[in-house]
Amino acid sequence: MPLHWKKGLCGICPAGCWVEVGSENGVIEDIRADPDHMLGTICRRGLHAPEIVYSEHRLRSPLRRRGPKGSFEFEPISWQEAYEVVAERLFDIRERSGPEAVAIYTGRGAQEQSLCDMFQPQGIAISSASNVLFPFGSPNTMGVGALCYVSLHMIAPDVTMGRMQMNMFADIEHAEMVLVWGTNPATDSPPVDMERLEAAAGRGTRIVVIDPRRTDTVDRARARWVPIRPGTDGALALAMLQVMLEEDLYDENFADSWCQGFAELATYVEHFRPEVAEAITGVPAATIRELAVSLAKADGASLLMYTGLEYSNSGVQSARAVYTLFALAGHLDVPGGIGLTMRGSQFPINRSCNLANPALNRALARQDFPIYSEYRGESHAIGILDSVLRGHPYRLAGLIIQ
Ligand code: SF4
């Protein structure tokens with residue numbers, strides 16, 4: 001019997017790849033990339049979606065621990081019973097310690113994009129945090145944004161260029177050169193970026209991978225690999241800027257028309273001569289000079305960049321340095337460069353159901369991460385440690401992990 005094929009979005013992670021699902025008698029038998037859509041692609045995890053959906057290990061009802069912690073003894077209970085137990089515990093904590101003593105932590109895979117849109121805090125550009133505890137009175141929603149995405153894709157581009165990643169795109173298709181900086185599209189989502197890189201390599205686009213590891217992307221994109229010491233990407237970007245300014249290769253018109261603090265930047269990067277940066281980054285000075293010159297002379301250079309830069313103690317500033325480098329090299333908002341979408345050109349999303357954080361000034365770690373907290377309307381997850389271990393600024397008594 002032929003399979004019944006239906007188009008849809010893969011729901012295994014939030015990348016939103018367009019797929020076709022083949023089923024027989026309502027049971028998924030096969031899944032493949034949608035050949036008719038530009039985002040039609042599928043990664044290995046997506047290919048295994050039927051196994052995930054029908055796994056014998058998949059939880060099909062709530063489980064309640066009945067043995068001591070660590071004994072892994074659980075018993076199935078009904079959803080109604082689970083709701084009652086959870087609600088009773090939460091109200092008990094609120095009674096004893098106040099609503100902020102309960103927090104929720106959401107992971108990247110917890111909600112696919114439409115649920116993120118529905119449950120994110122009100123007035124926030126984009127978030128995977130959940131607002132379910134807001135009516136309860138707790139400001140403490142937090143999640144993986146503390147680790148990734150927010151510093152690189154929200155704060156850094158917004159404070160540098162007034163745009164966030166959701167309003168930018170890499171125009172790889174028209175680029176003469178592509179820098180793949182701190183990301184590995186061969187394994188990261190969305191997989192469509194790897195396919196775009198392979199196509200670019202086929203057209204003869206120069207691709208450079210800056211990464212401490214020689215990743216699969218290097219081979220699949222026939223790229224030049226520039227190994228770098230982890231956490232030193234900002235120094236490399238500043239050194240490339242230093243070369244561009246010293247050799248007068250930067251876009252003067254852009255600097256005059258669109259930059260604030262250009263003179264201060266020029267003074268600042270004087271310190272980052274390639275020989276100095278070599279000692280910091282491990283990238284040879286000659287390579288730094290060569291990269292800077294080829295980037296400045298490229299007829300369109302595009303950028304793929306992700307967690308390699310932000311999993312460090314200077315993620316925002318490193319990303320800002322890279323964006324500034326591309327802008328002064330003349331690759332911002334031009335064909336083949338970092339594209340900026342027209343304002344108001346996004347598909348409108350009804351977010352009227354979003355709720356505002358009821359007490360953001362009481363959110364955990366807000367004092368230490370005020371900018372993060374402001375951008376996201378949430379707590380910073382690192383605050384859990386101080387709260388649980390030291391009771392600072394107050395002690396959490398309940399944590400929902402989703
Ligand atoms: S990256 Fe993979 S798991 Fe995520 S949506 Fe795409 S196909 Fe599914």
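Below 10 angstrom from the Cβ of residue 372, what's the summed charge of the other residues (Lys, Arg +1; Asp, Glu -1)? Display every interim value, and only then the final one.
Working: positive: 366, 376; negative: 368, 374, 378.
Neighbourhood net charge equals -1.
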>> For residue 382, what accessible surface area do you get with a 1.4 Å probe? Give it in Å², rounded to 10.
In response: 90 Å²
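Where both residues lie in the stretch 1-86, what percent of DSSP beta bridges are antiparallel, nearest 5?
Values: 15 of 16 bridges.
If I count the DSSP bridges inside the stretch 1-86, around 95 percent turn out antiparallel.
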> Taking a 1.4 Å probe, which of 392, 380, 174 shows the most accessible area, and what order do the others take after it?
Replying inline: 174, 392, 380
>> Checking the cross-link filter: which aspartates and glutamates have an alpha carbon closer than 16 Å to that of residue 6, excluding same-chain neighbours under 8 positions apart?
In response: 20, 24, 29, 30, 34, 36
> In a GNM of the chain with a 10 Å cut-off on Cα contacts, which of 345, 302, 127 has the highest mean-square fluctuation?
Replying inline: 345
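Return the FRET efficiency for the residue pair residue 80, residue 39: r is the Cβ-Cβ distance, R0 is 51 Å, and the value is rounded to the nearest 0.05.
Details: r = 40 Å, r/R0 = 0.78.
Computed FRET efficiency for residue 80 and residue 39: 0.80.
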> Given H placed 1.01 Å from N in the peptide plane, which residues other than close sequence neighbours of residue 210 have an amide H under 5 Å from its amide H?
Replying inline: 180, 181, 182, 226
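Given an 8 Å cut-off on Cα distances and at least 6 residues of separation, report the relative contact order of the chain as a percent. Please report the intermediate quantities before stating the final value.
Values: 729 pairs, mean separation 81.7, N = 402.
Rounded, it is 20 percent for the chain.
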> Remind me, relative contact order of the stretch 265-402 in percent, using alpha carbon pairs under 8 angstrom and six or more residues apart?
Replying inline: 12 percent
> Ranked by accessible surface with a 1.4 Å probe, highest first, in what order do 203, 196, 390 come?
Replying inline: 390, 203, 196
> Can you pull the Kirkwood radius for the chain, inverse mean 1/r over Cα pairs, to one decimal in Å?
Replying inline: 23.7 Å
>> Give the residue list of chymotrypsin sites (Phe, Trp or Tyr not before Pro) in the stretch 62-150 that are DSSP loop and have at most 12 other beta-carbon atoms within 10 angstrom.
In response: 72
> Can you give the accessible area of residue 389, probe radius 1.4 Å, in Å² rounded to 10?
Replying inline: 140 Å²
> Once you list every other residue whose beta carbon is under 11 Å from the beta carbon of residue 93, what net charge do they have if Lys and Arg are +1 and Asp and Glu are -1?
Replying inline: 0
> Which net charge results when you count Lys and Arg as +1 and Asp and Glu as -1 among the other residues whose beta-carbon is under 12 Å from that of residue 54?
Replying inline: -1
> What's the carbon and sulfur percent of the chain's accessible surface, probe 1.4 angstrom, rounded to a whole number?
Replying inline: 54 percent
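Mind checking the per residue accessible area of the stretch 172-336 for me, 1.4 Å probe, whole number of Å²? Could you put the intermediate results ahead of the total?
Details: 7250 Å² over 165 residues.
In whole numbers, the stretch 172-336 has 44 Å² accessible per residue.
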> Between residue 392 and residue 30, what is the spin-label point distance in nm, taking each point 7 Å from the Cα along the Cα→C-beta axis?
Replying inline: 5.9 nm
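The values are calculated or read from the model by the stated rules, or taken from the named source; none is laboratory data. Because the structure is a prediction, the values reported are computed rather than measured. Using ideal geometry, Cβ is built from the backbone for each residue, glycine included, and neighbour counts are taken over all protein chains shown. Note: accessible area is taken over every heavy atom of the protein model, side chains too, but ligands, DNA and RNA are not part of it. Shrake-Rupley method; radii C 1.70, N 1.55, O 1.52, S 1.80 Å.
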